[in-house]
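The values are calculated or read from the model by the stated rules, or taken from the named source; none is laboratory data. Note that this is a predicted model, so its numbers are computed, not measured. In this analysis, Cβ positions are derived from the backbone assuming ideal geometry, glycine residues included, and neighbour counts consider all displayed protein chains.
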Amino acid sequence: MTREITAAVGLSPGDFEAFFAEIMAGVSGERHSPYPWQKRLLSRVLQEGWPEALKLPTGTGKTSVLLISIFLLALEAGRPVTERKTGLRLFYVVDRRLIVDQAERLALGIMEAINNADENDGSILGRVKAALLAWGGEKPLDVLKLRGGLYSRLPWISEPNQPTIVLATVDQIGSRLLFRGYGTSPRQWPVQAGLAAIDAVYFLDEVHLSWPFARTLKRLREFLQREPLVAAGLLPLHPVIMSGTLPETGTIDPGSIFELTEEDWEEERLKKRLDAQRYVRIVERKLGGKLGAPVAPTESGGSIETEETGEGEEGADLTYETRGELEGESGDAPAQRASVPVSDGQDFEAVKEIAETLAEEARELLQQVEEPIAVIANRVATARLVFDKLRRYLRSSGEDDLAEATAGEETPGGEEQAGILADEDITRNDILLLTGRVRPFDRERLNKRLLEDKSRFPRVVVATQTIEVGVDLSFAAMVTEVAPCDALIQRLGRLNRDGRYDGDNFPRCIVVVPKGKSYRPYPYKEEDIEKCMQVLQSLPSVESLVEEGAGVQKRKQRGKKKADKTRGKWYDVSHRVLRAIEPELPLPAPGEAPPLTRVEIERLVQTSCAGVEPDIPPYLHGYESRPLDVYIVWREDLHEEDLDDASPEKLSRLKDYFSFMPPMAYEMLPLPFYTALKWLRREWADTGDVEGGAATDTPRISGLRPAYLWRPGAEDLNVLLSQREAPASSGRPGRVLLKPGDVVVVPASYGGVDAFGWRPPRILRGKGGRETLSRYTAVYAAGIRQGVDNIPGTIYLPLTTRHIERYVTDEEARRALVYELRQLVGSLEHLSTDELKKVRIKDVRPINGQEAPKAFGKPPGVSGETTGVEALARSLAAFLETLAREESAVLEFRELAGFLKEQSGGVALHPFLDAGVGEEEVPRGILFAVYAEDYHPDSSGYESESFDGTDEEAGVVREVELEKHLADVEKLVTRYVEDLKINMLKGWGTHLSRALPLAARYHDLGKLDPRLQKILYGEVEISATAVSLAKSGKATRNSRERERFYRKVDYPFGKRHEYTSVVLLSSPASFTALDRETDAVRELVFYLIGTHHGHGRPFFPPLRWGAKEPWQPVDARLFDSEVISFGPGFFADLAEATSLKSGWPERFFEHLERYGCYGLAYLEVILRLADWRASRKDEIFERKREA
């Protein structure tokens, strides 16, 4: 039941100021009272609800809407759903990656302050905590972040009654809202859509980046308001757009725009920010490169010499062929192109010249300004080149801390490796590169360096568009490539953001304007650039400046004047100046999105219907969508030859490989569709740093390096991108379709990534060269190593001879460790799957107070001294201990070895083979099982993304009895119904309050099938008196072994126990509590049971093979007196779920009409999250008991 709010809580709107100050003290270390506008907004929402728009200049604290929303939730705890003004789920959305990461830091600070408070001490934080707990969630407040690829926790929201802040980009939350969550299984889509559309508030920050999505949100809210359950009282999503500038759209009621008053502009603290000085100077650069002129490759396909040093640019992908963006072997034009400028890789000379100009201006600023400066480029390649030039400059000038700190150090592996390690040591580098094209693991480290260590803020930050919005950074000076007005204004928001550099420092920005036919303003339009220049040159100007040392003094201030191109002219771009000309600013017209009709939404909700997929990007980014993103994963233990053909043997091994080690969010790097394809074709691949894109069907992709397309929950669709099956009659290559959010896995030997993100290798076309040694090998472990004890579930980490050969630099130690690993692999080969699971290294304890012996080549259990599982675990522990202490190994590799020694709870053998002694092939290495929170592929009760069969196959910690599981889920659903006040929905309360708990009570009856019980017990024959199970840990991840066992018990892959549950419940021989309910309640119960794993919308998956006996008799007793039974007499008229005779598609569309597209998904959410939650509690209890 909903927890009662004690009288001691006594919250009132007047407590907001104290709450705000306490939170800010915890987040920033200083107590700040709210600005007047923040208190005024709270009052507005309490009286009228959220406005449509917040018009607030940059630097005025827009992210505080999260604080306001949480306080509102505390005030509204316990209120009927029809009386609430805000939603339980707060989505903070912006179309940049860095802002999402920084907003997360504030959200986590709020959560930590509230969740760590004492709800009984009467403090303001304690009272807010007590109020939030009254919603009934597991904790007062949860925070999560959705980023590219896969979210690192399944399910992403654990309970429907949990107050939650969700930080996301437009692609990630928009695709979920429209039943097409990028990078996630179709089985999850209904849950994600239901959570995203109901009881939710959307704060769409910097709306100028995402007008099409704003329009989609508004239309979706209008659609939701017409749905039956929303009309009865469920809260539909409420979008709130935010920006410093709002163009006339004709769709926003002026009375629903909340903005600063004149009093706000004069408030002492805001005035300092709003009056902060900022000046701009325009520097034009005439480019000499010719459009489309290819760069001549060196003999080895190597790098291009620069004007500055005559040496190859570090990290630049410098050779390419002059081919069309997506030309196939026949040279045909692409079927579709993005309608915004796209870099085709033929303007690299122009990129070099722009980078040189940006670097040159930055070097001048470094001589004039002692405080931090920023350099902002429009493209990742430009930013990379600038970063490399300035890094060398800082080292040569002695300004780089790293050059001094590493002087005289001896680094294992020689001077070349020392240089690589130094380049990637972001903790001591005085220059940082920030782009959105970076793995989350690396982004975490970069953000920590940038945002946490205030005492050692970098001297220079080189960035792309990712730094434009929402980042609370303040620079004394800036150099930027020209951009449209809205983007340039946002960049200037990072210049003297808080007014600290006013006065003699003269905060300045150099705007570099390239001129010439070879310049392409990718990813912007030329007309937007020209309009921006006209505005800048019309601003009040400052002339006759003297630049001296660290300061610049104004000599003469003048008003508007005819523009000239003198180097000494500066333009005033302060907040007040821009405010005065706001009506004249040439802001890009808000982008349009396609209309959302009921027909289109009904098409989207059919998540288990094969066919032509709806085109989602236009709803998120408009008709002029940029190339969509796919996600690249690099794996050390995959070799190119593993992916070079589609033989059944290799495909089977790949299937096993990804069942053990599915891609994790922490290791995925987002790249635009075009860039990824060109890189895989070994062509020069540049990219902008904006999100979004239009779905593009790629015609005849040619010359791709081997790569694996991994789609969670759709193993049958996984393909090798280098293999295409052509229709026999065509004689031409077939098509490979990449979708938004697709994950492409490649061997690490391809290069392309380092500590700062996307970095194409120096050698592409041609022969020669070698892969670069990256310092950060342990990316795959990074996500797991955070909170590993909090959420159960098993994932495997590889350790192979390749890892040792690459990351142990001492030759003697390397040979010894490789030999020892191969010996251990040989010992493990003779163990069964169950025995391998029992090799629990983390349970190894010292013998007689002594650590396990450590000696190269003769570990116990290998030499014949002992042969048991315990001895092998001790041998592996000793090996990992040796590796963790090996001084010549890269630090992160040693840390990984230590982590595995402490956390591994079982092992498996690598699915791929390498050459062993003589002609014998042996497993490539060992897979170490650990518990993981950040990726949860086998959570019981919730979809297993890596298994291709039913959820009962997912490995869990222990056996769970069926009757107990059903009772636990029913109890949770009953609590959710009460907490969410479902019983108070007008005209629907009683009906839903009856159906939802009953669906929970019977949802897993299909597991009474005798064949499924054999699978759960892991035995072909089980006792007639055996207790029926709901979960077990008996399933193997090896697809071939699993298939053999399924065939033994005559249970085909694809047969869904959910549908069997419906069949059992509707059997004339069954007698249950459902018999006393109305037909409407019974039908809803049947529907919710049938869809509780995401199938049946409207179809079920096909069977992999036909069973000899499609149905088997069941006769069981549950809950003392209820009978679940059906026999041969009932079989004749039964149709499989996959048959149209089952009537299931008709049932789906009838319920869609009755409950609404999103209302029906929300009802599914309640049952499915309760199912997952109950299973998770069972696992946590067992793990704690074992510990």
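Quick notes
- Residue in region 200-223 that is closer than 30 Å to ALA362 by Cβ, touching a strand residue (DSSP E or B) at 6+ places or on another chain (Cβ under 9 Å) and basic (Lys, Arg) present: no
- The residues of region 16-35 that are outside any helix (DSSP H, G or I) and polar (S, T, N, Q) amount to a single one, SER33.
- Yes/no for VAL166 being touching a helix residue (DSSP H, G or I) at 6+ places or on another chain (Cβ under 9 Å), among the hydrophobic types (A, V, I, L, M, F, W, C) and closer than 21 Å to LEU596 by Cα: no
- Taken over region 212-240, residues that are at pLDDT below 95 and part of a strand (DSSP E or B) amount to 0.
- Any hit, region 566-574, residues being small (Gly, Ala, Ser), out of contact with any Phe, Trp or Tyr (no Cβ under 7 Å at 6 or more places or on another chain), under 30 Å from PRO440 (Cα atoms) and part of a loop (DSSP other than H, G, I, E, B): no
- Residue pairs meeting the criteria (Cβ under 6 Å; at least 6 apart or on separate chains; first on the phi > 0 side of the Ramachandran plot, in region 1052-1064; second charged (D, E, K, R)): GLY1054/ARG1104
- Of all residues in region 459-485, those that are within 18 Å of TYR519 (Cα to Cα) have Cβ atoms under 7 Å from Cβ atoms of residues that are in a loop (DSSP other than H, G, I, E, B) and among the hydroxyl-bearing types (Ser, Thr, Tyr), 6 or more apart or on another chain, in THR464/THR435; ALA483/TYR524; PRO484/TYR524.
- Qualifying residue in region 455-477 (condition: assigned to a helix (DSSP H, G or I), closer than 15 Å to PHE756 by Cα, touching a Lys or Arg at 6+ places or on another chain (Cβ under 9 Å) and at pLDDT below 75): no
- Within region 365-378, the set of residues being closer than 27 Å to TYR522 by Cα and assigned to a loop (DSSP other than H, G, I, E, B) comprises ALA377, ASN378.
- Restricting the search to helices (runs of 4 or more DSSP H) fully inside region 379-451 and requiring at least 1 residues that are at pLDDT 85 or above gives 380-396.
- Matching residues in region 892-905 - criterion: being under 28 Å from the mean Cα position of the chain (by Cα) and either in a helix (DSSP H, G or I) or within 20 Å of GLN823 (Cβ to Cβ) (or both): GLU892, PHE893, ARG894, GLU895, LEU896, ALA897, GLY898, PHE899, LEU900, GLU902, GLN903, SER904
- Of all residues in region 600-619, those that are closer than 22 Å to LYS218 by Cα, of a type in the set (Val, Ile, Thr) and at pLDDT below 90 total 1.
- Within region 1064-1074, one or more residues are out of contact with any Ser or Thr (no Cβ under 6 Å at 6 or more places or on another chain), surrounded by fewer than 17 Cβ atoms within 10 Å (Cβ to Cβ) and over 30 Å from ALA232 (Cβ atoms).
- Residue, surrounded by the most Cβ atoms within 10 Å (Cβ to Cβ), within region 565-609, restricted to residues that are in contact (Cβ under 8 Å) with a residue 12 or more places away in the chain, among the basic types (Lys, Arg) and farther than 28 Å from LEU246 by Cβ: LYS569
- Members of region 620-637 found to be modelled with pLDDT of 85 or more, assigned to a strand (DSSP E or B) and more than 18 Å from the chain's Cα centre (by Cα), listed by number: ARG635
- Test: residue in region 1114-1122 that is of a type in the set (Phe, Trp, Tyr), in contact with a Lys or Arg (Cβ under 9 Å, 6 or more places away or on another chain) and not in a helix (DSSP H, G or I): yes
- Of all residues in region 500-534 being in contact with a helix residue (DSSP H, G or I) (Cβ under 6 Å, 6 or more places away or on another chain), modelled with pLDDT under 90 and not hydroxyl-bearing (Ser, Thr, Tyr), the one that is surrounded by the most Cβ atoms within 10 Å (Cβ to Cβ): CYS532
- Any hit, region 56-65, residues being in the same structural domain as PRO160 (by TED's automatic domain parsing), under 24 Å from LEU229 (Cα atoms) and either within 28 Å of the chain's Cα centre (by Cα) or not in a helix (DSSP H, G or I) (or both): no
- If the condition is being small (Gly, Ala, Ser) and farther than 19 Å from THR357 by Cβ, then region 472-487 contributes SER474, ALA476.
- Residues of region 838-891 that turn out to be modelled with pLDDT of 85 or more and not in a loop (DSSP other than H, G, I, E, B), as a count: 21
- Unmet requirement for PHE1045, which otherwise passes all of (1) closer than 23 Å to PRO911 by Cβ; (2) among the aromatic types (Phe, Trp, Tyr); (3) assigned to a loop (DSSP other than H, G, I, E, B): (3)
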